[in-house]
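To start, the structure under review is shown below, and the notes come after it.
The values are calculated or read from the model by the stated rules, or taken from the named source; none is laboratory data. Computed from a prediction, not measured in an experiment: that's the story for all the values here. Every residue, glycine among them, receives a Cβ derived from its backbone with ideal geometry; neighbour counts consider all protein chains shown.
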């Protein structure tokens with residue numbers, strides 16, 4: 001359902017889930033003629049969710065963006081317990097995406113470790129430290145109100161202040 005969040009732990013996945021389907025259509029995205037296989041945005045979403053689960057990301061929320069924006073088909077928001085874990089989650093995810101697709105995703109913010117954005121084209125992934133996530137509240141911006149109530153408890157006011 002559009003805007004329905006997917007939560008970590010809904011299904012058990014094995015290590016073989018890091019491979020994407022090679023006979024699936026590319027979901028309307030332009031593909032390179034040099035690319036040997038095509039992957040759907042749902043395949044990439046599964047890869048992202050498995051990677052986040054393996055790296056112990058917390059409060060993982062997946063938002064279906066299809067029909068709402070052209071930037072991506074899915075957005076995934078997750079938290080790490082520390083700047084080090086946030087950076088490690090992003091780095092491992094980028095490695096897994098490159099291993100499976102043959103291309104590196106774009107990454108922003110890994111050096112600071114407060115908020116890392118990983119752009120795989122079909123899936124945009126945001127990995128935050130909890131207090132930074134509470135400050136920016138991306139779920140509030142992208143999820144419908146009824147879905148938002150099911151995803152997270154109301155956050156306490158954040159003490160985080162972005163650095164200028």
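Structure summary
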item	result
Pairs where the first residue, in the stretch 100-113, is in contact (Cβ under 8 Å) with a residue 24 or more places away in the chain and at negative phi and the second is assigned to a loop (DSSP other than H, G, I, E, B) and surrounded by fewer than 17 Cβ atoms within 10 Å (Cβ to Cβ), C-beta under 9 Å, 6+ apart	100/19; 101/35; 101/37; 112/163
Criterion (touching a helix residue (DSSP H, G or I) at 6+ places or on another chain (Cβ under 7 Å), at pLDDT below 95 and outside any helix (DSSP H, G or I)) met by exactly one of 3, 67, 28, 9	3
Residues satisfying the stated conditions in the stretch 70-99, i.e. over 17 Å from residue 43 (Cβ atoms), out of contact with any helix residue (DSSP H, G or I) (no Cβ under 7 Å at 6 or more places or on another chain), touching a residue at least 12 places away in the same chain (Cβ under 8 Å) and part of a loop (DSSP other than H, G, I, E, B)	71, 81, 82
Of all residues in the stretch 106-122 being within 18 Å of residue 46 (Cβ to Cβ), touching a helix residue (DSSP H, G or I) at 6+ places or on another chain (Cβ under 6 Å) and modelled with pLDDT under 95, the one that is surrounded by the most Cβ atoms within 10 Å (Cβ to Cβ)	120
